[in-house]
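Throughout, read-outs are computed from the coordinates displayed, never taken from laboratory work. Keep in mind the model is a prediction, meaning the values are calculated, not measured. When we count neighbours, we look across all protein chains shown, and the Cβ atoms used for this are built from the backbone with ideal geometry, even at glycine.
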């Protein structure tokens, strides 16, 4: 009752295992690419936010009265996200200050620096 078909063609076990191994390598490479891309997007977002905050703080310093020290608070939404800032003003010549604004993310250690902006302020 059983018919034996001659010249029956199919895949051997080794061929199937090799195909699965190749598919697995391609899948892992794709997953690693997605991970790297998402990490780079997050880093880029942090850098862009840090630059925007630094430029905003620099405008606030330039609008403020001429002083030896500037204390300007970041908006609460950014402090809640882990950003902090440092503003340093050094008088170069009478009436001219070099202002350095440093933006940090998740702490104030040197490794957490996101953006540094330098500019000058004059007393008018």
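Remarks
- Take the Cα of residue 123, step 7 Å toward its Cβ, do the same at residue 11, and the gap between the two points is 8.1 nm.
- Global form of the stretch 4-60, assessed from the alpha-carbon gyration tensor, a/c cut-off 1.5: prolate
- Helix axis angle, 13-63 relative to the chain longest principal axis, alpha carbon, degrees: 10 degrees
- Separation between Cα centres of the stretch 28-52 and the stretch 62-82, rounded to whole Å: 28 Å
- Helix-only mean residue ellipticity at 222 nm for the chain, each DSSP H run of n ≥ 4 adding -39500 (n - 2.57), per residue, nearest 500: -16000 deg cm²/dmol
- Convex hull projection area averaged over all views, the stretch 13-122, Cα basis, nm²: 9.5 nm²
- The stretch 57-124: C-alpha gyration tensor shape, a/c 1.5 cut-off, then a/b vs b/c: prolate
- Computed FRET value (nearest 0.05) for residue 72 with residue 39, which takes r as the C-beta separation and R₀ as 25 Å: 0.20
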